[in-house]
Amino acid sequence: MKKLMLVLAIISFSAFAGVTSWEDSPYNWENSEHNWDNSSNNWENSPNNWENNPNNWNSDRVIRDNDGNATGYAVPNSNGVTNIYDLDGNREGYVR
């Protein structure tokens, strides 16, 4: 009986472990890659925009590793989401 209770407790706790709030969900329109504000086709998010260019050492958007090599760039949008892109303009993720 104790083993059954333990198994049920583990199952019920693990069911809630992967729950993401709607605010952080990729299914929320504000976070969706289909939203124009998050698209790399939008000039603000484009790898061709000088602000996102790894050769722009004055940009606060370019993400660099410990050796100074550019690995991507981050662009804040009007929804309060910061989109993370690789150097080719592929959206890797977002931070709220």
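Looking only at residues of region 61-79 that are assigned to a loop (DSSP other than H, G, I, E, B) and under 17 Å from the mean Cα position of the chain (by Cα), we find that the one that is nearest to ASN49 (Cα to Cα) is ARG61.
If you take the residues in region 3-37 that are among the small types (Gly, Ala, Ser) and out of contact with any helix residue (DSSP H, G or I) (no Cβ under 9 Å at 6 or more places or on another chain), which one is modelled with the highest pLDDT?
Of region 3-37, the ones among the small types (Gly, Ala, Ser) are 9, 12, 14-15, 17-18, 21, 25, 32.
Still in the list and also out of contact with any helix residue (DSSP H, G or I) (no Cβ under 9 Å at 6 or more places or on another chain): 9, 12, 14-15, 17-18, 21.
Numbers: ALA9: 54, SER12: 51, SER14: 47, ALA15: 47, ALA17: 52, GLY18: 60, SER21: 90.
This residue is SER21.
Which of the residues that make up region 29-48 are assigned to a loop (DSSP other than H, G, I, E, B), within 18 Å of VAL95 (Cβ to Cβ) and polar (S, T, N, Q)?
Initially, region 29-48 is screened for residues assigned to a loop (DSSP other than H, G, I, E, B), giving 32-35, 39-42, 46-48.
Then drop every residue that is not within 18 Å of VAL95 (Cβ to Cβ), which leaves 32-33, 35, 39-40, 42.
Answer for region 29-48, where residues must be assigned to a loop (DSSP other than H, G, I, E, B), within 18 Å of VAL95 (Cβ to Cβ) and polar (S, T, N, Q): SER32, ASN35, SER39, SER40, ASN42.
Just to be sure before I move on: is SER78 open to solvent by less than 40 Å² (accessible area, probe 1.4 Å) and of a type in the set (Ser, Thr, Tyr) in the structure I sent? It is false that SER78 is open to solvent by less than 40 Å² (accessible area, probe 1.4 Å) and of a type in the set (Ser, Thr, Tyr).
Of the residues examined, GLY80 is one that is at pLDDT below 95 and closer than 25 Å to GLU23 by Cα.
The values are calculated or read from the model by the stated rules, or taken from the named source; none is laboratory data. What you are looking at is a predicted structure, and each value in this text was computed from that prediction instead of being measured. Cβ atoms come from the backbone with ideal geometry, glycine included; neighbour counts cover every protein chain shown. Surface accessibility is based on the protein's heavy atoms, side chains included, excluding ligands, DNA and RNA. Shrake-Rupley method; radii C 1.70, N 1.55, O 1.52, S 1.80 Å.
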